[in-house]
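These notes are about the structure you will find just below.
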Amino acid sequence: MKIIKELEKAVKELKKEKRFIYLIPEVRTNFVYGKENMKEIKDIAGVDGRITVVNNKPYPAGKIKFGASDHLARLLIEVRKYNKKYFSAINFKFDRKILKIIKKVAKERKIKIGMIDRKKEPERFKLKDKKSMPWKIAYLYKRYKEIPQIFYETAGLGKEPLFVILGENPREIISIIKEILRYL
């Protein structure tokens, strides 16, 4: 299937980028690509077990398959309620050094960056598993009047701060990641 093949190709590209290990967060990285009419997690392909680090190299823990990602798949479904052009997403580590690099890359590419302030998240969403995602994406839209192609969220209780890059396809995301890695 085209979606699986394209995502596999993109993950192979990431495996070649040794410096990508510096972008892999504690929760590990996932990379997803969804069907045109995605509505459920099973409509979105991801890396089973996420992308981790093995022998100081990025390494997919499992195969690319539909339904492999929960968190990033739910994020993509929410994003598409506001912007149908995005079919793919990747998450990776947030820190100030990476933010500085991303600001430079975003300026060069004329990409908007957004921030989700987890301190503003209502308690009713914080305390329930899988209830934050609709709030986070609505927060972005309300704050920026669009969903920025690159955004990050601040740390929350038991939540690691992360970046997300959205793309029309995995190739677009890989292109942005490679640009970030040039400055890392």
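Values as computed for the structure displayed
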read-out: Residues satisfying the stated conditions in region 21-45, i.e. crowded, with 23+ Cβ neighbours inside 10 Å and part of a helix (DSSP H, G or I); value: L23
read-out: Hey, K119 over 13 Å from the mean Cα position of the chain (by Cα), surrounded by fewer than 17 Cβ atoms within 10 Å (Cβ to Cβ), modelled with pLDDT under 95 and assigned to a helix (DSSP H, G or I) or not; value: yes
read-out: Meets criteria (farther than 30 Å from W135 by Cα and touching a Phe, Trp or Tyr at 6+ places or on another chain (Cβ under 9 Å)) for P25; value: no
read-out: Single residue of G114, G62, G67, G49 found to be under 24 Å from W135 (Cβ atoms), among the small types (G, A, S) and surrounded by fewer than 17 Cβ atoms within 10 Å (Cβ to Cβ); value: G67
read-out: Check on I174, of a type in the set (V, I, T), within 27 Å of E6 (Cα to Cα) and touching a Gly at 6+ places or on another chain (Cβ under 9 Å); value: yes
read-out: Checking L162 against (1) surrounded by fewer than 17 Cβ atoms within 10 Å (Cβ to Cβ); (2) at pLDDT 95 or above; (3) at negative phi, the condition it does not meet; value: (1)
read-out: Pairs with Cβ under 6 Å, 6+ apart, first in region 153-167 and assigned to a strand (DSSP E or B), second among the polar types (S, T, N, Q) and modelled with pLDDT of 95 or more; value: L162/N91; V164/N91; L166/Q149; G167/S88
read-out: Residue count for region 90-111, restricted to those that are loosely packed, with under 15 Cβ neighbours inside 10 Å and closer than 20 Å to F31 by Cβ; value: 2
read-out: Residue within region 171-179 that is at pLDDT 95 or above and in contact with a Phe, Trp or Tyr (Cβ under 8 Å, 6 or more places away or on another chain) present; value: yes
read-out: The listed residue being modelled with pLDDT under 95 and either under 19 Å from R171 (Cα atoms) or out of contact with any Asp or Glu (no Cβ under 8 Å at 6 or more places or on another chain) (or both), out of M1, M38; value: M1
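To keep it simple, each residue is scored yes or no on (1) of a type outside the set (G, A, S); (2) in contact with a helix residue (DSSP H, G or I) (Cβ under 6 Å, 6 or more places away or on another chain).
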position	(1), (2)
E36	yes, no
G46	no, no
P58	yes, yes
L76	yes, no
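The values are calculated or read from the model by the stated rules, or taken from the named source; none is laboratory data. Small disclaimer: the values here were computed from a predicted structure and weren't measured. As a convention, Cβ positions derive from the backbone with ideal geometry for all residues, glycine included, and neighbour counts pool all protein chains shown.
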